[in-house]
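Readers should treat all values here as calculations from the given coordinates under stated rules, not as data from a laboratory. Since we're looking at a predicted model, the values are computed, not measured. Here the Cβ positions follow ideal geometry from the backbone for every residue, glycine too, while neighbour counts run over all protein chains shown.
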Amino acid sequence: MHDAIVVGARCAGSPLAMLLARRGYRTLLVDRATFPSDTVSTHVIHPPGVSALGRWGLLDQVVATGCPPVGRYSFDFGPITLAGAPGTTDSPYAYAPRRQLLDKILVDAAAAAGAEVREGFGVEEVLVEDGVVTGVRGGNGQLERARVVIGADGRNSMVARAVQAAAYEDVPALTVAYYSYWSNLPTDTFEAYSRPGRGWAVCPTNDDLTLVIGGWPHAELAAHRDDVEGELMRTFELAPAFAERIRDAERVAKFAGSSVPNYFRVPYGPGWALVGDSGYSRDFITAQGITDAFLDAELLADALDAALGGSTPYDDALAGYQAGRDARAMPVYRMTLGIASLQPPDEQMIQLVSAIAGKQPAMDAFARLNSGVTAPAEFFAPEHVAGLAGGVP
């Protein structure tokens, strides 16, 4: 009998299993994949996520992969570009490691903490008795039981389906995005480009390669499905300087792509919980997925520790997890939906961007908003906006 079974061993599941195991809970971590292996991802770990890696003692391993630190974000709106530092004194950098490297580090950390890890273990059934989740059945028929089963198995979560986790604030997919890797496209910056109906981003990753991801409205999915590269190159022409840079580069991998729905799910119930994309999904465009997964894992680990350890009733502890998750993530979620609409900025945003352009402290503040360091409510507070326009961060 396990204390916890975590289904899914990537950026939410492995950290959660690691944190629970470090606190002495008997934890089973399973995934139908084996590691190292790749998965569709925007790659970027913003500074708040990097801080989590530091707290867990794993940041040095990520750095040792050779993934370069990113200490500058730029936002090209066409006539105006803002560029600033996205982090804090304690955590100044973002990183964008390849997922086969990052996920292997996380899985190994869970095992090192004492979690039992089973790779290549597909969950075929979530066991429910008298309305309470009690365990899982693997594809080999093996039954595993636990006090709580956690779905960390992504947007198509089997656990979420099995418990019929209710969605709220849900919005259909807004964009479709494709990415690949280029050599001879050097940058030390997370570069974001915004044009009406189009958006793309650029970030350095491992092996001296640069990740480039671009997209368009989901309504145009069928129109460009058979000519992704052509449409991306036409999109890049909207920023001629970047188009010239990428024409001189070489694409070294096939395109990967996806579109994702936007939603929150109720993340707990009798004997079960959800973490990461299983419980909350947002458009790729703000690249918050990995950072959200890390922070969700920490929050859920605290809640489960309180519940399993007996200091707080289960429902109270997990309700606190949901409230804390939503309080942190909902404002960024709504900001993400606005950006993912790919509409021209409104007059208020044009005025703000124009006012802070060239003022380094204000541009740093804008970068911290987009990295998740600063909450939208704090950034857009009238007195803060007035200070930014005056050059005060």
Cα-projected label distance for ALA375 with ARG155, points at 7 Å along beta-carbon direction, nm: 2.7
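Note down, for segment 152-311, the three equivalent ellipsoid semi-axes (square root of 5 times each alpha carbon gyration tensor eigenvalue), biggest first, whole angstrom. Please report the intermediate quantities before stating the final value.
Values: eigenvalues 261, 68, 29 Å².
Each semi-axis is √(5λ); the values are 36, 18, 12 Å.
Which value, in debye to the nearest 20, describes the size of the charge dipole of segment 151-268 about its Cα centre when Lys and Arg Cβ atoms bear +1, Asp and Glu Cβ atoms bear -1, and nothing else is charged? All intermediate terms of the calculation are to be shown ahead of the outcome.
Values: 11 positive and 16 negative charges, 80 e Å.
So the dipole magnitude of segment 151-268 works out to roughly 380 debye.
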Listed residues SER183, SER281, SER371; largest mean-square fluctuation, Gaussian network over the chain with Cα springs below 10 Å, found at SER183
Projected onto the charge dipole of the chain (+1 at Lys/Arg Cβ, -1 at Asp/Glu Cβ, origin at the Cα centre), which of PHE77, ALA146, ILE45 gives the Cα projection farthest towards the positive end? ALA146
Per residue, how much space in cubic angstrom lies within the convex hull of the C-alpha atoms of segment 175-258? 86
What's the center-to-center distance, using Cα atoms, between segment 312-333 and segment 78-142 in Å? 19
Taking a label point 7 Å from the Cα of ALA389 along the Cα→Cβ vector, which residues of segment 335-350 have an amide N closer than 18 Å to it? 345-350
Any idea what the relative contact order of segment 175-258 is, in percent, if you count C-alpha pairs under 8 Å spaced at least 6 apart? 42
Listed residue (ALA167, SER180, CYS203) projecting farthest to the positive dipole end of segment 156-213, Cβ model: ALA167
Point-to-point label distance, GLU244-THR88, nm (Cα→Cβ direction, 7 Å offset): 4.1
Under a 10 Å cutoff between Cα atoms, tell me which one of ILE350, ILE339, ILE213 has the largest fluctuation in the Gaussian network model of the chain. ILE350
What dipole magnitude, in Debye to the nearest 20, does segment 23-111 give about its Cα centre under +1 on Lys/Arg Cβ and -1 on Asp/Glu Cβ? 240
Rg/Rh of segment 1-112 (Cα atoms, Kirkwood Rh), to two decimals, equals 1.06
Net charge dipole size for the chain [Lys, Arg +1 and Asp, Glu -1 on Cβ; Debye, nearest 20]: 200
For segment 273-286, take each phi angle, set θ = phi - 60°, evaluate the Karplus expression 6.51 cos²θ - 1.76 cosθ + 1.60, and give the result in whole Hz per residue in order, putting x for glycine and proline. 8, 10, 9, x, 4, 4, x, 7, 10, 9, 3, 4, 5, 9
Report, largest value first, the span of the C-alpha coordinates of the chain along each principal axis, in whole Å. 61, 47, 40
Based solely on C-alpha atoms, express the radius of gyration and the Dmax of segment 104-207 in angstrom. 20.3, 59
